[in-house]
1. Can you spot a residue in the range 216-230 that is outside any helix (DSSP H, G or I) and farther than 30 Å from residue 111 by Cβ?
2. Tell me, which helices (runs of 4 or more DSSP H) lie completely within the range 1-92 with 1 or more residues that are over 20 Å from residue 281 (Cβ atoms) and among the polar types (S, T, N, Q)?
3. Just wondering, is there one or more residues in the range 270-286 that are part of a loop (DSSP other than H, G, I, E, B), surrounded by fewer than 12 Cβ atoms within 10 Å (Cβ to Cβ) and outside the structural domain of residue 109 (by TED's automatic domain parsing)?
4. When you look at residue 227, is it charged (D, E, K, R) and closer than 28 Å to residue 24 by Cα, yes or no?
5. Of the residues 249, 265, only one is out of contact with any helix residue (DSSP H, G or I) (no Cβ under 6 Å at 6 or more places or on another chain), modelled with pLDDT under 95 and among the aliphatic types (A, V, I, L, M); which?
6. Six or more apart or on different chains, Cβ atoms under 8 Å: show the pairs whose first residue is in the range 57-83 and under 20 Å from residue 101 (Cβ atoms) and in contact (Cβ under 8 Å) with a residue 12 or more places away in the chain and whose second is surrounded by fewer than 18 Cβ atoms within 10 Å (Cβ to Cβ) and among the aromatic types (Phe, Trp, Tyr).
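The values are calculated or read from the model by the stated rules, or taken from the named source; none is laboratory data. Computed from a prediction, not measured in an experiment: that's the story for all the values here. A quick note on method: Cβ atoms are made from the backbone with ideal geometry, for glycine too, and the neighbour counts reach across all protein chains shown.
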Amino acid sequence: MASQAILTVVGPTASGKTAYAIDRALKLGGEIISVDSRQVYRGFVVGTGQPTPEEQAAVPHHLINILDPTEKITAGLYASLVYERIADIKARGRVPILCGGTGLYVRAIRLGLASLGDSDPKLRRKILARIEDEGAEAVYAAFAEIDPDYAATFHPHNVQRLARALEILETTGQPPSRVRDWRRGEGGYTETPTITVEGAGEVTFELVGLERSRGELYSRINRRLLEMLDRGWLEEVRGLLEAGVSPEAHPMQGVGYWELARVVAGTLTLDEAGPIIQQRTRNFARRQLTWFRKEPVRWVRPS
């Protein structure tokens, strides 16, 4: 049975990913799975560009507004949540479509790295038993044949590092040095592997990126800030802080939230915050483009 290619809409912030994904979903009978490290948090609506109630009424969206601001999530756990949604959507005869700009999450999902950063106690015990049975030096030597670069980063007698390296190799099917580079955004990985998703069968992920000229993108970024403020972004931040969300909470460190929290605190004026937010957003968009240029993305110009 041939694998299914799952459309994955990527690109920099303010490029129009949500509108593009909704258009595709309406035509394909699809549902959208968000791949955004900020939209996943409850209460962080306006500033993260969460789909509006009207957009969510038009097309079902998943993994939006589900985590408490005090919670943290890894790329591996996010990938697992995405796979669960893919299986559920397919089981109902619908088409899953991914949409988002968090590059590490997209990479973890498409490469099948749901175990990235997570430790499996049962597998760890099995590996430690092997090391005890065969001896650390012998197991290290065998591992060094597979991944000499990573083996060179720790001593043969460092059993914990050796066990973790073997665990990464076992769970991802990739040398730990390559996984390390993926996490850092280095040495782009341009293949499109087929992975097996429980309950959904074999799938691949077709990355489609929205490409706009720099001037057009920056203009959209600047205009979007004004639109978000008109929609109540400052009031949203004030409400979060009054509800007890710490200004040091992980999602509050996102572009715009950090600045507006200081506007609420009175240490920054809104006139001062605006240009800072716009500049930080432009910088963020450039970093996103740099990341996705290393991925197997088919770039299109949105109409």
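1. First, the residues of the range 216-230 that are outside any helix (DSSP H, G or I): none.
Checked the range 216-230: no residue is outside any helix (DSSP H, G or I) and farther than 30 Å from residue 111 by Cβ.
2. Here the list reads 53-58, 75-91.
3. Our first condition is that a residue be part of a loop (DSSP other than H, G, I, E, B); within the range 270-286, this holds for none.
Within the range 270-286, none of the residues are part of a loop (DSSP other than H, G, I, E, B), surrounded by fewer than 12 Cβ atoms within 10 Å (Cβ to Cβ) and outside the structural domain of residue 109 (by TED's automatic domain parsing).
4. Values: charged (D, E, K, R): yes; closer than 28 Å to residue 24 by Cα: yes.
Considered against the rule, which asks whether it is charged (D, E, K, R) and closer than 28 Å to residue 24 by Cα, residue 227 comes out as yes.
5. Working: 265 fails: modelled with pLDDT under 95.
Selected residue: 249, the only one of 249, 265 that is out of contact with any helix residue (DSSP H, G or I) (no Cβ under 6 Å at 6 or more places or on another chain), modelled with pLDDT under 95 and among the aliphatic types (A, V, I, L, M).
6. Pairs that qualify, where the first residue is under 20 Å from residue 101 (Cβ atoms) and in contact (Cβ under 8 Å) with a residue 12 or more places away in the chain and the partner is surrounded by fewer than 18 Cβ atoms within 10 Å (Cβ to Cβ) and among the aromatic types (Phe, Trp, Tyr): there are none.
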